[in-house]
Structure formats: C-alpha cells, structure tokens
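Taking it in order: structure first as structure tokens, then the write-up.
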Amino acid sequence: MSRLRMRDVTRLFAGGAGVREIDLVVEPGQIHALVGLNGAGKTTIMRLALGMLRPDAGEVAIDDEPLGRRAPALWARVGHLVETPLAYGELTGLGNLEIGARLHGAGRRGSAIARAALAEFGLEAYRDVPVRRLSLGNRQRVGIASALQHDPALAVLDEPTNALDPSGVIRVREALLRRADAGAGLLISSHHLDEVARIAHRITVVNRGRIIGTLDPAGRDLERELFEALHADDVATGAAA
Amino acid sequence: MNALGVAIRVEARKARAARPVLATSVLFAGGLLALAIGMTLAASSGRPELVGKLGPLADARGWELYLGVAIQVAGAAGLLATGVVLAYLVGREFGDGTIAGLFALPVPRAVILAAKVVVFLAWSLVLALAVGLAVLLGGLALGLEGQPGDVAAALVRLVALVPLSALTAVPVALAASLGRGLLPGIGLAVVLLAAAQVAVVAGAGPWFPVATGALWAIDPAAVPPLAFLPAVTLPVAAGLVSARVWSRLQLDR
C-alpha cells in the first residue's frame, strides 16, 4: 500500500499553465521531495494530492483509496500545510494547536496532543501568546506542528522550513524523520537543496508542469545536477531561452 | 463528538476571540442605546425640527418613543452589523488564506460553513439579549412613562429583531464565499440594507423578505404571518447554496 499515488494526473488552468501527466508515489516511511523553480507546479501537485484542486484527468489515491470515494473520517490520517499555516491570529499558540487537533478528529485527546506538540516544536514560550504577535517563522512552526501533531499517515508540506530559524529547521527536520521512521509517508517541497539532501529518500524534479526525473539524494552536488536536469529538459522541449 | 459539534466548538472559539465581532457588537449596542436616549431627550425638550423627523413616532412619548427609536435603529443598523460579522466569519478564511487549512479534514467544509452560520445566529441571540437589557436599564434610568404591557411587548420585538436581522443577512455568507473575501460580503450587506429602505419607501412592504422583520417589529399588525415565509426561505436557500459552494470549492484562483 502506498501512502499517496498520483496516476497520470493533469490539471490545466486558463491560459495553459498547470501540471500534466503527473505520476508520483509516496511510500510508507518515505520522505519524498519535490524540487523545481518557482512556478514549476510543485504547489499545484500538492493541492491535487489534497483535493484542493480536482484533476482534469488521472487519479489521486491516499492509502489506495481514490480521493473522490474517500470517506471524510479517513482524512484524520492526513496532515498538511500548503502555503498558509492553519493559524488564526486571535488564538494563542496552544489554542491554534487545539483546534487543529480537534479538526483532525482528536476529540478529547486534542488538548493533550496540542500540549505535546508545543514541546516537540519548541513553542512553549508562545503557549498563551496570540499568534498575530508571533514572527513569520514562529507562525510557520505553529502551522507545521498543527499539520504533524496528530501523527498522520500522510503529510503534505509545502516549503516546511520556509522562514524558520536554524533551530526551527532542526526541530522540523527531526519531527519529519521521526514520523517517516514510524511509517508515515511525507511529500515535501523545498528550495533548500542542502536540507532536501539531508532528509529526503527520493527527490523528484518538476519543470514547467511536468515531472522530468529524479535526483540522487546522496549526490555530491545537487544544485548542479538540478540545473543540468532543468537545462536538458528545456533543450529537449525547445523551451530554452 | 460528531463533525458538526467539533466545527461549532472551533468556530465558537474563534468568534469569541475575534476583535471584529466584539467591536461590531459594542458599536451596535452602544450606538443604538445612545441614539434612543438622545432622541428621547431631544423630543421631550420639544424641539420642532427634531420632532418632525420622527415621522410616525412624532406623537409618541416616554417608553413608546424610546423603544420606537430603538426598533427603528435596530431595523437598519442590525442588518448592517450582523452582515459585517457574517462577512468577517466567512470571508476571513479567504482573506487570511486559512481556507487551505480547511481542506483534507475529517470535518467536511460544508459542515464548517454550517457551523459558522450556527455560531453567527447564536451570537445574534446573545447580542439581542444584551441590547434588550441595556435598553431596559437605559429606559428605567430615564424614568420614562408607559403601560407595562406595551413596554414589555415592544421590548420583546426589539430583542427578536436582532436575530431576525441576522437571519436576513445570511445571503452575505454566499457573497463572501463566491467573492472569496470580506468585501463582497460587506458589499451585499449594504445592498440589502439599501434595498430594504427603497422597498419600504416604494411600498413593497412586508412581502419584501429583507424588510419583513423590521416592519413587523415597528408594527406587528402590518405584517401578515405568511409574509415570513419568503423572509425565512431566502436565507435558508442562501445557506444551503453557500454550503454547496464550500463543498465544491477548489483553490484555483
């Protein structure tokens, strides 16, 4: 069983942008990274994986269950942060984590889960502070904690280390690795190739709305390999400037 | 707890902590009380230019005048105040970008929208009781004269008018959902208010759904019970369509 499977997924927007023929699998225990330039289609792929967009063609399945037929309760096994953290300015750090846990079906355990997440992500100091007073990075930390605190089987995180300070990056890295070790599948996107190399088991390159190949996480110079792949694709498709 | 119960708890918590909801409540209740007291004091001083502006209330005195002004103000300002709050509750998810976090949850988005409307209507009841109490205490402090039975009936109509205005404002949720933000919702609230005023002046009267509640509160005898049918049908339909919009929503723009 794969945590996430996208098969031949196409979704185009007015004007021709979008993603085409996406085939992607996230296995249990795997951190799968999407890399590519701005506007390549990484976020669109993640939105399709989470039902924020419906494909024009192809199929998305989580835990082998196609999205269209998925019972609402099964979404309790998914966590995500795409673009904006689910963090309301008027609620405190703890308050935001509590509602995040409850919305993910935690029920009475919501409060205990939220308190544990405060500790895991180093947010104790912001327990009673309204999130509108937090820095961008700490708001991001609250969002990541909210996405991961209920130990989802699949987590989809768009630029998870965005705006984080070095200690936040380490916290999030460890949290991701712990969950992968426990069998979760994680789909992340990132511009930080060093960070990707540290944690990803598989790296998929996205260019101009298509998947054009993979990079070896153990490779010596990921940046160079990425640009070589992008350039080769642009030449092959006649898109090079 | 079922999905609706979870969503209502979450939405209630957000609304309780939200400054725009508190600020609108205080402005509405405070403004209404100040206007009712001010107009009553001014009319009792016998200034003809003011008395002339009171229209059907020109001959009223004491509690009748005071509560009459409060009901007139609540009829207009209530629609705007409740519309603004509903526009905030729904539109802020789009404005703040938090709508993305409301996908891929075991609580369906249509249920979250329903919870917002439930919390909104519950808030309007609390606001109505607070306004009723404030107006009652204000009137007692002024030492107004009137028949206790009439005073109680008018006070009940004032309290009922606030949730009726909130119900009338439910289409604002649809505007905020389709327009994906606060401003389309607030815009519709203003349009509803203007439409109600024009309809009353033009004589469309109680059968125009946006005006039914306010006209009933001013003069119950002028509104046949059946006139409430369109007044209730419209918001229920708007609520159902809004839930459908949330259910089918895609983050494609």
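Below is a table of values for the structure above.
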{"quantity": "Residues satisfying the stated conditions in the stretch A:225-240, i.e. open to solvent by 50 Å² or more (accessible area, probe 1.4 Å) and either of a type in the set (Asp, Glu) or within 13 Å of A:Leu37 (Cα to Cα) (or both)", "calculated": "A:Glu225, A:Phe227, A:Glu228, A:His231"}
{"quantity": "In the stretch A:81-109, the residues that are open to solvent by 10 Å² or more (accessible area, probe 1.4 Å), within 8 Å of chain B (Cβ to nearest Cβ) and in contact with an Asp or Glu (Cβ under 8 Å, 6 or more places away or on another chain)", "calculated": "A:Glu83, A:Thr84, A:Gly89"}
{"quantity": "Among the residues listed as B:Ala43, B:Ala104, the single one being in contact with a helix residue (DSSP H, G or I) (Cβ under 9 Å, 6 or more places away or on another chain), aliphatic (A, V, I, L, M) and not in a helix (DSSP H, G or I)", "calculated": "B:Ala104"}
{"quantity": "Those residues of the stretch A:12-33 which are touching a helix residue (DSSP H, G or I) at 6+ places or on another chain (Cβ under 9 Å), away from chain B (no Cβ under 14 Å) and either within 14 Å of A:Gly209 (Cβ to Cβ) or surrounded by 23 or more Cβ atoms within 10 Å (Cβ to Cβ) (or both), in sequence order", "calculated": "A:Ile22, A:Leu24, A:Val26, A:Ile31, A:Ala33"}
{"quantity": "Residue within the stretch A:126-146 that is touching a residue at least 40 places away in the same chain (Cβ under 8 Å), part of a loop (DSSP other than H, G, I, E, B) and more than 12 Å from every other protein chain (Cβ to nearest Cβ) present", "calculated": "yes"}
{"quantity": "Residue in the stretch A:61-74 that is within 14 Å of chain B (Cβ to nearest Cβ) and farther than 19 Å from B:Ala104 by Cβ present", "calculated": "no"}
{"quantity": "Tally of residues being part of a helix (DSSP H, G or I) and out of contact with any Ser or Thr (no Cβ under 9 Å at 6 or more places or on another chain) across the stretch A:163-198", "calculated": "16"}
{"quantity": "Single residue of B:Gly30, B:Gly97, B:Gly91, B:Gly62 found to be modelled with pLDDT of 95 or more and in contact with a Gly (Cβ under 8 Å, 6 or more places away or on another chain)", "calculated": "B:Gly91"}
{"quantity": "Any hit, the stretch A:36-45, residues being within 14 Å of chain B (Cβ to nearest Cβ) and more than 20 Å from A:Thr214 (Cβ to Cβ)", "calculated": "no"}
{"quantity": "Unique match (being touching a residue at least 24 places away in the same chain (Cβ under 8 Å) and open to solvent by 50 Å² or more (accessible area, probe 1.4 Å)) among B:Leu155, B:Leu125, B:Leu164", "calculated": "B:Leu125"}
{"quantity": "Residue check for A:Arg77: open to solvent by 60 Å² or more (accessible area, probe 1.4 Å), among the basic types (Lys, Arg) and over 16 Å from the mean Cα position of the chain (by Cα)", "calculated": "no"}
{"quantity": "Filter result for A:Val9 (within 30 Å of A:Leu222 (Cβ to Cβ), in a strand (DSSP E or B) and open to solvent by 10 Å² or more (accessible area, probe 1.4 Å))", "calculated": "no"}
{"quantity": "Residues within the stretch B:87-110 that are without any contact (Cβ under 8 Å) to a residue 60 or more places away in the chain and either surrounded by fewer than 22 Cβ atoms within 10 Å (Cβ to Cβ) or more than 7 Å from chain A (Cβ to nearest Cβ) (or both), tallied", "calculated": "5"}
{"quantity": "The stretch B:204-253, subset within 14 Å of chain A (Cβ to nearest Cβ) and assigned to a loop (DSSP other than H, G, I, E, B), residue farthest from A:Ala17 (Cα to Cα)", "calculated": "B:Arg248"}
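The values are calculated or read from the model by the stated rules, or taken from the named source; none is laboratory data. Quick caveat: nothing in here was measured; it's all calculated off a predicted structure. Glycine gets a Cβ as well: all are built from the backbone with ideal geometry, and neighbour counts include every protein chain shown. Quick note on the areas: whole protein, heavy atoms, side chains included, nothing else; ligands and nucleic acids left out. Shrake-Rupley method; radii C 1.70, N 1.55, O 1.52, S 1.80 Å.
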